[in-house]
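Each value in this text was obtained by applying a stated rule to the coordinates, not by laboratory testing. The structure displayed is predicted, hence computed values, not measured ones. Using ideal geometry, Cβ is built from the backbone for each residue, glycine included, and neighbour counts are taken over all protein chains shown.
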Amino acid sequence: MTVFLLRRVFQSLIVILIVTVLTFALLRAIPGNPAIAILGPNSFRNPGAIRQFDQQYGFNLPWYSQYWLWLRHLLAGNLGFSWKLNQSVASLLGGHLPKTIFLVGISTILALVLAIPIGVIQAVRRNKFVDHFFNGFSTVFYAMPAFLLGILLILFFAIKIPIFPPEGPQGEGLGVLFTDFNALILPIISLTLITLALFSRYMRSSVLDNLTEDYVRTAKAKGASERRVLIRHVLRNSLIPIATLLGLSLPGIIAGALITESVFNYPGMGYLFYQAALNSDYPILLGITIVVAVATVVGSLLADIAYAVLDPRVRYVSQ
Amino acid sequence: MSLASVPPEFPDPENPSATTGLVTTYDTEIVDPDQAVAAAAGALPAGKPRSTFRRGLEVFLENKLAVIGVAIFVFMLLFCFVGPLLYPTNQLRVNFANEFISPNAQHLLGTDASGFDVLGRLMVAGQISLEVGLAAAALATIMGVLWGAIAGYFGGVLDSAMMRLVDALLSIPVLFLAIVVVTLVTPTKTVLILVIALTSWLTTSRLVRGEALSLRTRDYVQAMKVMGGGSRRAVLRHIAPNAIGTIMVNATFQVADAIALIVALSYLGLGIRPPQQDWGGMLSDGIQYVNDNYWWLIFPAGLCIVLVISAPIFIGEGLRDAVEVRLQRR
């Protein structure tokens, strides 16, 4: 187990290092001169100022020294500085990230809570009406563009029948999420439906895989009731791969959150990313990319550890 | 090579060379016993064994959703590429006198804000969605197969290095990566195809690597190596073709995801530029008029997107069942 853990942690560190190299390469691929971009279009008349800027911020160094400098800043928690918003990326994230975590967290938990029973029912009643119904449901919501779903929810539940406000909670801080929770309901429903479509498919096939296992037959043979077999044996084992799924689907859910946030004008991280893309504000784009990537790597590391704890077979295979 | 490829133990009688370099001639009469029994039982004329391909095809055809998926996809292809010939419309010249006409005999699905006929525009826009989706999926599949097969076949340090790169790229949401690239380069059709392909070959490579890891230890690959076959031959002639089932299933999902990605990019205003438009662009233009009851600007495009993404998913699931027929025989 310790060997497995150490190897997995080491792998994750390497992956994070590769992510930083890729992000740095993207940063360098951006056309234009940072000094001119920041000092203004007329600064080319003043080569002294450009030289001073380059020296001050390390742009005169060779690329590997620049990478090293950037990496050291990154380790110290410095994600870059948005010159356009005149604010550090870290402090921007401090305002936006918790909102995304809140939205994504609630939606993911809701989707999981709903996906488990739906997947089990579908698998047990395979090729029956219930199975086809939920299959159609999950396909439609998987295929439907997230923004269309969001707009339709706004059309029906904010405009035609004005129950909820048409946009997410506005304003600074996390407090508004609780004082204006009503406004958060449509974004949550939207993201939950998209995520649910993904999860229930996995849950169904995971349960189907387990239903044919030998231990199910053994349990039935020793006289365990249908219900007990399903809950004590099949369900418990089917949930194990879902741990991995949660870790791996994080990028997908966050991408869904980007669209949902821009539809509902919800000032989360996805919204920040999108606005930065429209303004070509690269430090924000790359800072967020790093944060999401590290979160995903750590997420799948935790998922793998959970998997190994829950399922001893994994440990034996990996050694 | 056909859809349900041949399991290694039973070389395809019709195409022996594709399966193994070891056995070069195979009499079509030599088949495994249960096939012979099935044939003798009158399922098919005697002497004609049911190939794995046939059995896979039967399973596929039994799956109604998969057949519906194929029908939808073929219909969409005809609609977009043959449709404009039967229903020619002007999609180039803006005519504001014609804006927002509701559906009538002349404009079956009405007109949009620039006076373009919506039905005709759906056909032309669909061409872009389908071309980009199919080309990106094909390119991503080729890249993923080669990457995964090479990593899995060689194993060791090379495998670790190649797969860590895949892990790193997988940890960045595809949409984020695409957004960054599209802000750097003007999105034309070719750029979109490349961007989507470059960001979506990762899952394919993981799956193929898994297959390659188990395939490389098979006797026929070992035999080929003993006979002096090189690594290139092993990867291209043995590993990749034998993983074809997994690859095909994955490729159908790639098509669905690629189309979904251009739709998302178009909504964010980072997709294909005017005067060209894809379904995502039509839909995101249409939803600006969501309060004006111009339903024909929203629902036809929305329906096209949902159908064209669902169809490959249905096909993929049917294919997976068909491929499992083959796996059961292993």
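Gain in length, B:ASP321 to B:LEU92, computed as 0.36 nm per residue apart minus the alpha-carbon separation, to one decimal in nm?
My answer for the length gained is 77.9 nm.
Between A:TYR215 and A:PHE181, 0.36 nm times their residue separation minus their Cα-Cα distance comes to what?
7.6 nm
Can you return the lysines within cross-link range of A:LYS220? Criterion is Cα-Cα under 27 Å, with same-chain partners fewer than 8 residues away left out.
Partners found: A:LYS128.
Using 7 Å Cα-to-Cβ label points, what is the A:ASP54/B:ASP292 separation (nm, one decimal)?
5.2 nm
With N denoting the number of residues in the range B:71-175, provide Rg(C-alpha) divided by 2.2 N^0.38 Å, to two decimal places.
It is 1.71.
Say R0 is 51 Å: what FRET efficiency, to the nearest 0.05, do B:GLN106 and A:ILE163 get from their beta-carbon distance?
In this case the efficiency is close to 0.80.
Tell me which chymotrypsin sites (Phe, Trp or Tyr not before Pro) from the range A:38-110 have a DSSP coil assignment and no more than 16 other beta carbons within 10 Å of their own.
Sparse-neighbourhood loop chymotrypsin sites (Phe, Trp or Tyr not before Pro): A:PHE59, A:TRP83.
Would you mind calculating the gained length between A:ALA25 and A:GLN275 on full extension (0.36 nm times residue separation, minus the Cα-Cα distance), in nm to one decimal?
87.8 nm
Can you list, largest first and rounded to whole Å, the semi-axes you get for the range A:134-235 by taking the square root of 5 times each eigenvalue of its Cα gyration tensor?
Ellipsoid half-lengths, sorted descending, are 41, 17, 11 Å.
Can you tell me the Rg and Dmax of the range A:1-70, counting just the alpha carbons, in angstroms?
Cα radius of gyration and Dmax of the range A:1-70 are 18.2, 63 Å respectively.
In whole angstrom, note down how far apart the Cα centers of the range A:155-201 and the range B:109-129 are.
Between the Cα centre of the range A:155-201 and that of the range B:109-129, the gap is 32 Å.
Is the range B:139-226 rounded, prolate or oblate when judged by the Cα gyration tensor, a ≥ b ≥ c being the square roots of its eigenvalues, rounded requiring a/c under 1.5 and prolate requiring a/b larger than b/c?
It is prolate, given that a/c is not under 1.5 and a/b is the larger ratio.
Measure off 7 Å from each Cα along the Cα-to-Cβ vector at A:ILE109 and A:ALA37, then give the distance between these two points in nanometres to one decimal.
Each label point lies 7 Å from its Cα, and together they span 3.9 nm.
First check a/c for chain A, with a ≥ b ≥ c the square roots of the eigenvalues of its C-alpha gyration tensor; if it is under 1.5, answer rounded, and if not, answer prolate when a/b is larger than b/c or oblate otherwise.
Oblate, since a/c reaches 1.5 and b/c is not below a/b.
Return the tail of the calculated pair distribution for the range A:61-119, meaning the percent of Cα-Cα pairs more than 12 Å apart.
I get 75 percent for the Cα pairs in the range A:61-119 exceeding 12 Å.
In nm, to one decimal, how far is the B:THR186 label point from the A:VAL130 one, both placed 7 Å along Cα→Cβ?
5.6 nm
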